[in-house]
1. Would you point out the residue of the stretch 567-589, among those that are assigned to a loop (DSSP other than H, G, I, E, B) and touching a helix residue (DSSP H, G or I) at 6+ places or on another chain (Cβ under 7 Å), that is nearest to the ligand (Cβ to nearest atom)?
2. Check 237, 206, 219 and return the single one that is surrounded by fewer than 24 Cβ atoms within 10 Å (Cβ to Cβ), more than 20 Å from residue 586 (Cα to Cα) and away from the ligand (no atom under 16 Å from the Cβ).
3. So, of the residues in the stretch 19-31 that are at pLDDT 95 or above and in contact with a helix residue (DSSP H, G or I) (Cβ under 7 Å, 6 or more places away or on another chain), which turns out to be farthest from residue 528 (Cα to Cα)?
4. Select from the stretch 54-63 the residues that are within 16 Å of the ligand (Cβ to nearest atom) and not in a loop (DSSP other than H, G, I, E, B) and write down the one among them that is farthest from residue 593 (Cα to Cα).
5. Taking the condition of being under 11 Å from residue 582 (Cβ atoms) and out of contact with any helix residue (DSSP H, G or I) (no Cβ under 6 Å at 6 or more places or on another chain), how many residues in the stretch 644-670 meet it?
6. Go through 192, 155, 151 for me and flag whichever is under 30 Å from residue 362 (Cα atoms) and either at pLDDT 95 or above or in contact with a helix residue (DSSP H, G or I) (Cβ under 9 Å, 6 or more places away or on another chain) (or both).
7. Give the stretch 44-53 a look and list any residue that's closer than 25 Å to residue 530 by Cβ and near the ligand (Cβ under 8 Å from one of its atoms), or say none.
8. Which one of these does residue 311 not meet: (1) touching a helix residue (DSSP H, G or I) at 6+ places or on another chain (Cβ under 9 Å); (2) over 17 Å from residue 235 (Cβ atoms)?
Ligand code: SF4
């Protein structure tokens, strides 16, 4: 019998970008009972394995409960004064670009807003980037090229109203499980067709109508082939074309590509093209398999081009749909928490937008050039151009490509601050100052999920020890750096009201990210705020984007972008003949800080592994469960072999969750090449080259 004496609190899950609603009830012993929120529009009560196990992950084992300086406990006053002093001093001596913040899609919107304001408006640098750079930066860049803003046109209901759902580079069944369940339910109810495009045969292929196991990195060749087929079939939407520029150039570029580069048969290609063209309502969902590529932005635009050419956008059941990995990757985009963006979908490189934000903040300065994106940021840390670094709720010593070099760069940095819920991460161990933050369940604020629904995360447990919310820590540093009035926040509600008011400025500059109606919310209104999806302002009837032919580029037209297929940046050699694909597993999240606390989640796949095709394994004398040794030009790892024809010959796959703390020999991102997309700066985490050999400990 549940203890009903504690109130039930409505909040959201802290894992993936589906953003499921949860109902939390303290059990009186420091734990939480968790169930799906039947009224939340993302999940209507459903939860996946990770969300269901949340109650098992809120214990205080391993928590960082007080500030630390060089490993000793310290007072907040001493730690904050040291951080503010070192950042102020570094800026004074070496300029604003000598400091940086590296933040996370785990942050709440209010945390993100304050960090972004401090760096761009008060330090005067745009050196704030996020681990979301590793997740969806190519989608951001592709949206801006096509639409004029980073606007996701789709909604979850579109997935249920589509005739055809295409998953590209997205193992939705494991990485966004509740969304996948919604698609399967629609398939059952109305016969939605489902196609999976992925080099690997993943769990998402179960129940799909078609799996196209294309060659790694060949997505642009496939969607250029589709665009050529659309053109040849006379399936261009002539009425919608009046709202689009660049169509003929995009079609001409597509015609130069050969879809044979996909490695698919003519029959497979023609069947897919026929199904896509013959389905009026098509949603193309894409994720890290598209984004994490040296041609990620071009791949995004190759997909978007097909939707623009056929007018399959903005109408119910249609559109390209990038799903975000993290719980608040979208909120980070909305507050401008990337090195090349401004708050409320305004542009850092637009002087009018900069001036408007500068005036609104009444700040001493506004950053006027893009800051360093993640990979470049850690290069600058490594060569001493960045001398003071604040890392917030992320573990780059494990998760960045070329992770050993990143770990060494952090270790060599003059001054490193880490805010986290635990000191037991590879990155936290390198910090000079550790700041203890409140965790999910103890925090209060908002997040935005993949379909632009803004929801509240609410406090259900007291803050343990000396932990403090991130917005409070960051604002305190802002005050101690000399900006008392600008960072005089008493609550997340106050920050949200300021942010909502700034969105009204964005509205006057033609952005539909205008939630300024929420700026009037009192504390009680913020406390009870129900989930809502933007836009809800005039001119976007029903919250739909682009079906009216109105885009955000000058002149109001959307753009088709001419793109060409490019092979991945790393080329297999005789020494490194395999392509390494990395990704998530069903029951772990990121570097397992929270999910490893649940025995039932850890039981799913208990140790790191390498998927390798049986023919490759036979050639290398590798048997099931053998240990195998991987080398790349950047690092090495030892993993357990899993022989499976789910991967293609010549490809191998390894999960990315294990760390120096949990499996020191299996830090897979140490092998990943630090190659990035030239437009988005997103690293290519799915096509590095490695050697594989049976590991003989003797
Ligand atoms: Fe949490 Fe995502 Fe699972 Fe929903 S689908 S319960 S948001 S991990």
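The values are calculated or read from the model by the stated rules, or taken from the named source; none is laboratory data. This is a predicted model, so every value here is computed, not measured. Note that we place each Cβ from the backbone using ideal geometry, even for glycine, and neighbour counts take in every protein chain shown.
1. Top of the filtered list is 589.
2. That would be 237, the only listed residue that is surrounded by fewer than 24 Cβ atoms within 10 Å (Cβ to Cβ), more than 20 Å from residue 586 (Cα to Cα) and away from the ligand (no atom under 16 Å from the Cβ).
3. So the residue we want is 20.
4. The qualifying residue farthest from residue 593 (Cα to Cα) is 55.
5. Result for the stretch 644-670: 5.
6. So the residue among 192, 155, 151 that is under 30 Å from residue 362 (Cα atoms) and either at pLDDT 95 or above or in contact with a helix residue (DSSP H, G or I) (Cβ under 9 Å, 6 or more places away or on another chain) (or both) is 151.
7. Correct list: 46, 47, 48, 50, 51, 52.
8. All conditions are met except number (2).
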